[in-house]
Amino acid sequence: MASIRTSICLLFLSLHAVILIQCFSVGNTSNISHKNPNKTADDNSKSQITGTGHHQSVQQVENVQVWDNVIPVSLCDKLHEEASKSGLGHKVFTRDIHSKHDQHDQSKQTRPLLEQVLDDILSEIENDNIIQQEGKKGHTSSSSIRNQSESKQYVEYWTRQEWRHIEAHADVDEHLAKEQDTNMNHEQEEHDASTLFRYPANGHVLYLKVGTQVHGPTCVFPNQSSGGEILKSDGNVKLVTVPVVSGRLLRFRGDMLHAVPRPTDLWFRSFVKGAPEYTPEEDWGRSVILFNTWVDEPPKDVPLGATVSNSIDDNGKNESVNEISTWNEIFSLTLSKKDNVCATDTNEEQKPSPFMDKNAKVWLLGNERRRGYPLRTIKLKTSEEMRDALYEKYSVSETFFSQ
């Protein structure tokens, strides 16, 4: 009888333990990150860019990268001449990644030099990424690389030759945004309207020439898409400041807020007197090519040119752009979209200054929906280190804002 009671007690205790384990497992499923088992790690990272709205996952992707020696100085001069003729309008061309290219193909020789160079730059980046993902060393055939790339990509580009104040903004599909503003009804306004924006996959700035008096860096706000997001952030907000250097390339995630202040310390000023100077070019010029990459479809109502074949020849060489093995990567930043904390950085991780005692006023571009905030400016605190970073002539800097 005693043995029967002992057996019943043991059985009861075992069942109780199983129930507790199951309850504990169910209660903790919210902390588990689920990935599509059919996707590679790179696919999961790319899933952050939807092309139609904000990032939905918290995978880590390279947010900001800067390279020097991307193109030779002689090519900078040629591109500057072509950019000056190109005008201010936006254009789009299509990159057919899978198309095999012959370096003597007449189609390459007849298309615009600007498009040839942008195609070459993107090919170098894509091929380097694939080699790193595969963990391969040495020679990788161009055909192998092409077969693993996306089939088609749209490149939107435009040029600027002057140093002008560009208010903080994230690039979007402009004409689509205007349609949304026109058609938006009351029901949509009750939701987060910013999720309706369509952002490019990546934004780029290729720096060609810079005047002797220019201190006009590109300032990138990692993981921020609007002024409203900055004000909603917990803690400090990082700013990456990229000075203008000939032959330099800046690449950043397409939904990131960015700006070019003029005067250089505009954000520290209560008001600005006088008109800016633009001539002579040797003193005040700031020549750049700006380009965005889009997947699925191009931005609406931007003139679309002919398809561009992949510009890699059979030996994997590019004619106009320096090989990526000779590029000097001077900055790389990876952030988690969820917590805005630096995960990896080629430079030593920067810490906020303990003296965030300077008032700053950042100007925002666009209407209220795009700004994410009713006013044209947001007021923040920062340190004197940021002013120094804005005037820096060469080195990429990380500084911080606080509220």
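The values are calculated or read from the model by the stated rules, or taken from the named source; none is laboratory data. Fair warning: this is a prediction, and the values are worked out from it, not measured in the lab. So basically every Cβ, Gly included, is an ideal-geometry build from the backbone, and we count neighbours across all protein chains shown. Surface accessibility is based on the protein's heavy atoms, side chains included, excluding ligands, DNA and RNA. Shrake-Rupley method; radii C 1.70, N 1.55, O 1.52, S 1.80 Å.
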Taking into account only those residues within segment 129-182 that are open to solvent by 50 Å² or more (accessible area, probe 1.4 Å) and among the small types (Gly, Ala, Ser), which is modelled with the lowest pLDDT? SER143
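Quick grid of which residues meet (1) among the hydroxyl-bearing types (Ser, Thr, Tyr); (2) buried (at least 21 other Cβ atoms within 10 Å of the Cβ):
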position: GLY203; (1), (2): no, yes
position: LEU208; (1), (2): no, yes
position: GLY216; (1), (2): no, yes
position: VAL220; (1), (2): no, yes
position: ASN223; (1), (2): no, yes
position: SER226; (1), (2): yes, yes
position: GLY235; (1), (2): no, no
position: VAL240; (1), (2): no, yes
position: VAL244; (1), (2): no, yes
Looking across segment 355-377 at residues that are aliphatic (A, V, I, L, M) and more than 12 Å from ALA168 (Cα to Cα), the single one that is farthest from the chain's Cα centre (by Cα) is MET356
Unmet criterion (only one of (1) touching a residue at least 12 places away in the same chain (Cβ under 8 Å); (2) of a type in the set (Phe, Trp, Tyr); (3) part of a loop (DSSP other than H, G, I, E, B)) for PHE271: (1)
Restricted to segment 273-295, and to residues that are β-branched (Val, Ile, Thr) and touching a Lys or Arg at 6+ places or on another chain (Cβ under 9 Å), which residue is nearest to GLN224 (Cα to Cα)? THR293
Please work out which residue is modelled with the highest pLDDT, limiting yourself to segment 350-365 and to residues that are assigned to a loop (DSSP other than H, G, I, E, B) and in contact with a strand residue (DSSP E or B) (Cβ under 8 Å, 6 or more places away or on another chain). LEU365
Looking at (1) among the charged types (D, E, K, R); (2) open to solvent by 40 Å² or more (accessible area, probe 1.4 Å); (3) in contact with a Leu (Cβ under 9 Å, 6 or more places away or on another chain), which is the only condition GLU398 fails? (2)
Scanning for something part of a strand (DSSP E or B), of a type outside the set (D, E, K, R) and modelled with pLDDT of 85 or more, does segment 366-379 turn up at least one residue? yes
Is it the case that some residue within segment 121-128 is open to solvent by 60 Å² or more (accessible area, probe 1.4 Å) and either small (Gly, Ala, Ser) or modelled with pLDDT of 90 or more (or both)? no
Please count how many residues of segment 251-272 are β-branched (Val, Ile, Thr), out of contact with any strand residue (DSSP E or B) (no Cβ under 7 Å at 6 or more places or on another chain) and open to solvent by 10 Å² or more (accessible area, probe 1.4 Å). 1
Matching residues in segment 285-300 (open to solvent by 10 Å² or more (accessible area, probe 1.4 Å), under 30 Å from PHE400 (Cβ atoms) and touching an Asp or Glu at 6+ places or on another chain (Cβ under 8 Å)) number 1
Looking at GLU277, is it part of a loop (DSSP other than H, G, I, E, B) and open to solvent by 10 Å² or more (accessible area, probe 1.4 Å)? yes
Yes or no: segment 94-107 includes at least one residue that is open to solvent by 30 Å² or more (accessible area, probe 1.4 Å), within 19 Å of GLU156 (Cβ to Cβ) and modelled with pLDDT under 85. yes
